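Report on one structure; see the data block that follows.
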Amino acid sequence: MSDPAARAGVITEISGWVVRARAEVPLALREVVLVGDERLIGEVIALNRGEVTIQVYEETEGVAPGHPLYATGEPLSLELGPGLLGGVFDGVQRPLRMLAEQEGDFIGRGSRLPALDREKLWDFKPAIEAGSDVEPGRVLGTVMETPALPHPIIVPEGVSGNVKWIAAAGPRRITDVIARLDDGRELTMLQKWRARVRRPVRERLVPDAPLITGQRVLDTFFPLARGGTAAMPGGFGTGKTVTQHQLCRWAEADVIIFVGCGERGNEITQLIDELPRLIDPRTKRLLAERSILIANTSNMPVSAREASLFTGVTIGEYYRDLGYDVLLLADSISRWAEALREISGRLGEMPAEEGYPPYLSSALAAFFERAGRVVTLSGGHGSLTVITAISPPAGDLTEPVTRHAARFVRTFWTLDRQLAAARVFPAVSTRASYSEVPPGVTNWWSSQVSPGWAAAREEAMTFLEEASRIEETARLVGADSLPERERFLLRLADTFQEGFLQQNAYDAVDACCTPARQMALLETFMRVRREGLEQIAKGTAASALPIDFAALQRMKTAKELP
Ligand SMILES: Nc1ncnc2c1ncn2[C@@H]1O[C@H](COP(=O)(O)OP(=O)(O)OP(=O)(O)O)[C@@H](O)[C@H]1O
Ligand SMILES: [Mg+2]
């Protein structure tokens, strides 16, 4: 953010992080202003003649009426460029790790450090020659952001012309000029983008493949498309956070963005501590090298929490535009919606359902619509997949946040309290979850894994439905009075739960399951089902079937499977 240009007004009223001021110069809506002598970062959220309402992204203690207000003349925007990977930022992209190093654990108010390191040298390799015509998205050159991830430097939106000069190969800072156009404009590796505005693409594409998560119940039964959206509602302690951490680690994405949004501070601290040590199963390097953490914990200002989702999604779009498959995880959008509610309340807006502002739904839409698979301006393919946890109060799925989110997502993973209580993890309810499986996802499984995928999945769904009906009957009449066929299916369903649906996040082999293994397990279970049913039809008793249920259950960690 640039330094304050000029004094712009005087503070008249402070109510928490909502501050009112009398403007002395014209200010724009959504302009960034600096509040008080400490120059706290704020954003203009309402203008009424000379009165300005400002949302401050920091604690406002000590700010008083009569204190000055400064204008920056710029909207809230994010820094995009090499150096984001491995970063830990707050909701308005302040670099938390660097701030902590500079100021100790406490993040000082008014701390003004740029998001991206200005001193670090990147080994720039030009990709074009002087004299080339360029347009937005054109790759000027590349730096290796990490040893595994090349970072193309692209021409920003709104810039085109003829390149008069391009930097030679060599070490450059992100603010060094790397190209000069014939009209004199200078380009660097650093770009700015407004968090609330979608980044342009050449074309939006339909999903063509699943985002493999390595979690059997998700990939096989409720698959998520690459570039798709998923919501994961679950009551207290049902495994939302652990599941998201699992996905961080195992999902097949090039770049992971984790937005810790209003959740417990200690969980985020733990993540910040652990992340740099985790080994990436794909690259065998550090997971931190391809992940970005945005942390706005419950003890940090609510206003920055509201911004954090958009900060995350904008950084996600940026890596998508560089041609990568990006996964954004948010834990949880309920806490984000609470921030929206609190802000709206402070502004004295008319509340709608359960105190949330009437624009809750459109705000959620503005977030989810930024997921997708695209042809980038550079002509490559990229995707941004979004997975959000939801913490519905009392696990009630009819509450507004869950209900509205459900309208915008194609994949819905409901975590079940009873399963979690029985320590069945991941506690994904096969009854209350669903996924619209696009043809591209089915084609991927059929061509890459097994032509029988759709049929096996269909058969397994039918099996699960029937088993759950039998279970209910058994509860009423007792398992002993069930016919042989039902007894067998119930027994097999129990084995299937332990041997397929259940997956231990803390087991070295079981934590991640390849699509091929998922398919092999599924086919085996379905074959056992068909053969068992045939035998029973011929008169064999369920207890006399030659099936080794214990072996079936152990198969998921068997060495001989793919
Ligand atoms: N996949 C898993 N494998 C093994 N254990 C799990 C798994 N998922 C959750 N658990 C267990 O459940 C506990 C609670 O999980 P977690 O903290 O993720 O719940 P949560 O839904 O995020 O809770 P909250 O509503 O408090 O945020 C974990 O500490 C862990 O013991
Ligand atoms: Mg949690």
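The values are calculated or read from the model by the stated rules, or taken from the named source; none is laboratory data. Because the structure is predicted, anything quoted here is derived from the model rather than measured. With ideal geometry, Cβ positions are generated from the backbone for all residues, glycine too; neighbour counts draw on all protein chains shown. Accessible surface areas use protein heavy atoms only, side chains included; no ligands, DNA or RNA. Shrake-Rupley method; radii C 1.70, N 1.55, O 1.52, S 1.80 Å.
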Charged-residue dipole, Cβ positions (Lys, Arg, Asp, Glu), region 126-269 about Cα centre, Debye nearest 20
420
Calculated FRET efficiency for the pair Arg407/Val375, C-beta based, R₀ 25 Å, to 0.05
0.40
Estimated [θ] at 222 nm from DSSP helical runs (n ≥ 4, -39500 (n - 2.57)) normalised by residues in the chain, nearest 500:
-9000 deg cm²/dmol
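Evaluate Rg over Rh across region 179-287, taking Cα atoms for both radii and Kirkwood's formula for Rh. Working shown, then result.
Numbers: Rg = 18.5 Å, Rh = 17.5 Å.
Dividing the radius of gyration by the Kirkwood radius yields 1.06.
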Counting only residues 5 or more apart in sequence or on a different chain, those whose built amide H sits under 5 Å from that of Leu224 are Leu211
Report ³J(HN,Hα) in whole Hz for each residue of region 308-324, in order, from the Karplus equation J = 6.51 cos²θ - 1.76 cosθ + 1.60 where θ = phi - 60°; Gly and Pro get x.
4, 4, 6, 4, x, 5, 6, 5, x, 4, 4, 5, 4, 5, 8, x, 9
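What is the packing order of peptides 331-343, 488-500, 447-459, 171-183, taking the mean over residues of other C-beta atoms within 10 Å and listing the highest first?
Packing proxy ranking, top to bottom: 331-343, 488-500, 171-183, 447-459.
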Rounded to the nearest 10 Å², the accessible area of Glu466 at probe 1.4 Å
30
When the Cα centres of region 466-512 and region 17-81 are compared, how far apart do they sit, in Å?
59
Between the alpha-carbon centers of region 364-401 and region 122-173, tell me the distance in whole angstrom.
30
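Remind me, relative contact order of region 6-75 in percent, using alpha carbon pairs under 8 angstrom and six or more residues apart?
The value is 42 percent.
Please arrange Leu85, Leu121 by accessible surface area, largest first, computed with a 1.4 Å probe and ligands excluded.
On the way: Leu85 20, Leu121 95 Å².
Result of the area sort, largest leading: Leu121, Leu85.
Tell me the per residue accessible area of the chain using a 1.4 Å probe; a whole number in Å² is fine. Don't skip to the end; give the middle numbers.
Values: 23510 Å² over 562 residues.
I get 42 Å² per residue for this part.
By accessible area of protein heavy atoms, probe 1.4 Å, what ranking do Lys538, Lys556, Lys284 get, highest first? Please report the intermediate quantities before stating the final value.
Working: Lys538 170, Lys556 35, Lys284 145 Å².
Putting Lys538, Lys556, Lys284 in descending order of accessible area: Lys538, Lys284, Lys556.
May I ask you to compute the full-extension gain from Val25 to Ala550, defined as 0.36 nm times their residue separation minus their alpha-carbon distance, rounded to one decimal in nm?
Details: separation 525, 0.36 × 525 = 189.00 nm, distance 7.64 nm.
Between Val25 and Ala550, full extension yields 181.4 nm more.
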List every residue whose amide H lies under 5 Å from the amide H of Arg138, counting only residues 5 or more places away in sequence or on a different chain, with H placed 1.01 Å from N in the peptide plane.
Val155
Which whole-number percent gives the relative contact order of region 453-557, counting Cα pairs below 8 Å spaced six or more residues apart?
37
Taking only the alpha carbons of region 6-75, the radius of gyration and the largest Cα-Cα distance, Dmax, both in angstrom, are 10.0, 27
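Could you compute how fast region 453-557 diffuses translationally, taking Rh as the Kirkwood radius over C-alpha pairs and applying Stokes-Einstein at 10 °C with viscosity 1.306 mPa s? Give it in µm² per second. Let's see the in-between values first.
Working: Rh = 14.5 Å.
Answer from the Stokes-Einstein relation: 110 µm²/s.
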Counting only Cα, what are the radius of gyration and maximum Cα-Cα distance Dmax of the chain, in Å?
26.6, 91
Leaving out ligands, DNA and RNA, and with a 1.4 Å probe, what % of the accessible surface on the chain is carbon or sulfur?
51
Would you mind checking the tilt of helix 265-274 against the longest principal axis of the Cα atoms of the chain, expressed as 0 to 90 degrees and rounded to 10?
80
So what J values fall out for region 167-183 if you push phi through Karplus, 6.51 cos²θ - 1.76 cosθ + 1.60 with θ = phi - 60°, rounded to Hz, Gly and Pro as x?
5, 6, 4, x, x, 9, 7, 5, 9, 5, 6, 10, 8, 10, 8, 5, 8
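At a threshold of 8 angstrom on Cα-Cα distance, excluding pairs fewer than six apart, so keeping six or more, what relative contact order does the chain reach in percent?
This gives 13 percent for the chain.
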May I have the convex hull volume per residue, in Å³, for the Cα set of region 116-190?
81
Order His404, His381, most accessible first, counting only protein heavy atoms with a 1.4 angstrom probe.
His381, His404
Tell me, what ³J(HN,Hα) does each residue in region 203-219 have, in order and in whole Hz, if you take phi through Karplus 6.51 cos²θ - 1.76 cosθ + 1.60 with θ = phi - 60° and put x for Gly and Pro?
7, 9, 10, 7, x, 10, 7, x, 8, 6, 9, x, 9, 4, 5, 6, 5
